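All of the numbers you see were taken from the coordinates with simple rules; none came from a lab. Predicted, not measured: the structure shown is a model, and the values here were computed from it. Every residue, glycine among them, receives a Cβ derived from its backbone with ideal geometry; neighbour counts consider all protein chains shown.
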Amino acid sequence: MKFSIHTYGCQMNVRDSDAVAAMLIHAGYQQAVTEDDADLIIVNSCSVRGKAEDKALGKLGLLCATKRERPDRKIGVMGCMAQRLGEKIFTKVPLLDFSVGTRRCAAIPKLVARVLNGEKNIFEISDVEAQPDVPDSHNESGHCAFVTILLGCNRRCAYCIVPDVRGPELSRPAREILAEITELASQGIREVTLLGQSVMNYGLRNQVWEKDDPASTGGYHEPFTRLLEAVAAIPGICRIRFTSGHPSGCTDELVRAMSTLPQICHHLHLPFQAGSNRILKLMRRGYTREMYLDAINRLRTAMPDFSLTTDVIVGFPGESESDFEETRSLMEVANFDNAFIFKYSPRPGTPAAEMDDDVTEAEKMRRNQVLLADQDIRGQRNNEALIDTVQEVLVDGPSLRNTERWSGRTPGNKIAVFTPTATLRPGTLARIRIVRAAPQTLYGEILD
Ligand code: SAM
Ligand code: SF4
């Protein structure tokens, strides 16, 4: 039996899909080369915006329609939308075979076995407060891996559904994470990205370090920086990233760890969401524009080559033209290297859904376009400043567009394209001189 998993949403979902793939392979199933070829298809769904749910539901509808020609084909859903809709999903997609919530993905192999025994419309969705499954199996084919270190979120930003569908914050024991990364390193993984919604909150709500765990050699006291130091000490791991950040986590210790531990990439994805203090307060983000700028100034002072990316929402309820202009100006002052710009989408049950969604769709679209155009100019300017510099890239392999050329990522998480030497192998670190720049891509010549 061949399976395929179609993933929507964030890196957390990418990681969950990877773990489920590893569990299914362990249970004796085979990964299909194409979706067409698959006897079992699982959609890993996202709930963050209404559009994301529409896409997943549309995809499930299309997949279930293929059962007319392939009656034996099984279709399942997992992830945030499955959690949010519960049993109701079967009224929207009646031919769906199974549905699994965010904290129960380890149940999937068993559910598949039940479906193959003829059961239909089965689901395993626990309360989001329940102890979650944290599978540590991996199936990555390259040399980079995601490792979830913190599940759920306690912040409850006014617009966000994540705390409702992924539950409260829970940090994994440090020992468990370090064992997982040691195993990944032994299999050839060179870069790890530590995942959590507010990742620097690691170990602030529950104990993660045991008394007999080795003490920090660099004098780190915060649970997250201690973890960074311990991951950096694992032989074979040459790059460490973490996402998503929150300004409150940009402590002096974090700045010290990032600027002194050579394995930690000088890049942070630090969503700011809005540039006006009035909107930030309505969003319940827990910081002001000034606090955000202070955090990034401290990071940049310690690391002049620091690269910064972000998320921003346009058209939050009550966002006036002058609030929007403050978002625009903050983006220029912060000088982001890249930005993901989202149009506000009301999510059922969140505090913002009670507010008047008074910015029209056309105006949200206009604001989105304005920020994208600004960011293109900024991305071009920042990347041009790297021309003639030498960048270290972790080599991915042939680029998607032109297989004659290869690509890799710089420590700043920028894609760099170059012509490979005959002996170059994916997964190695190479030095390239940047010769040309586009808003989202660097082009270079390989030095060694
Ligand atoms: N935990 C991260 C943080 O605090 O920024 C990100 C979580 S969320 C999965 C990813 C992004 O989706 C957010 O940064 C935000 O920009 C966007 N987002 C979340 N809820 C949204 C909504 N209701 N409408 C539009 N965008 C939303
Ligand atoms: Fe959502 Fe805010 Fe938590 Fe991020 S920090 S997941 S935006 S509630």
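Here are a few things to note about the model shown:
- Relative contact order, percent, region 178-301 [alpha-carbon distance under 8 Å, six or more residues apart]: 26 percent
- Principal axes of region 352-448: Cα extent on each, largest first, Å: 60, 25, 22
- For the chain, calculated [θ]222 nm from helices alone, where every DSSP H run of n ≥ 4 adds -39500 (n - 2.57): -10000 deg cm²/dmol
- Each residue in T410, T360, T428, T309 was given a count of other beta-carbon atoms within 10 angstrom of its own, and listing them fewest first yields T360, T428, T309, T410.
- Here the ratio of the Cα radius of gyration of region 1-159 to 2.2 N^0.38 Å is 0.99.
- Under the combined filter of DSSP loop state and at most 16 neighbouring Cβ atoms within 10 Å, region 153-209 retains none of its chymotrypsin sites (Phe, Trp or Tyr not before Pro).
- Per-residue Cβ neighbour counts within 10 Å put L308, L150, L261 in the sequence L261, L308, L150, beginning with the fewest.
- Per DSSP, loop GluC sites (Glu not before Pro) in region 106-176 with at most 11 further Cβ within 10 Å: E129
- Computed over the chain, the P(r) tail beyond 41 angstrom holds 18 percent of alpha carbon pairs.
- Of K55/K281; K88/K343; K51/K343; K59/K110; K59/K343, pairs whose Cα-Cα distance is over 19 Å: K55/K281; K88/K343; K59/K110; K59/K343
- With only the Cα atoms considered, region 241-336 has a convex hull volume of 82 Å³ per residue.
- The order of T243, T421, going from fewest to most other C-beta atoms within 10 Å of their C-beta, is T421, T243.
- Seen through its C-alpha gyration tensor, with square-root eigenvalues sorted a ≥ b ≥ c, region 72-165 comes out oblate because a/c lies at 1.5 or above while a/b is not bigger than b/c.
- Orphan Cys of the chain, criterion: no other Cys C-beta under 4.7 Å: C10, C46, C64, C80, C105, C144, C153, C238, C250, C265
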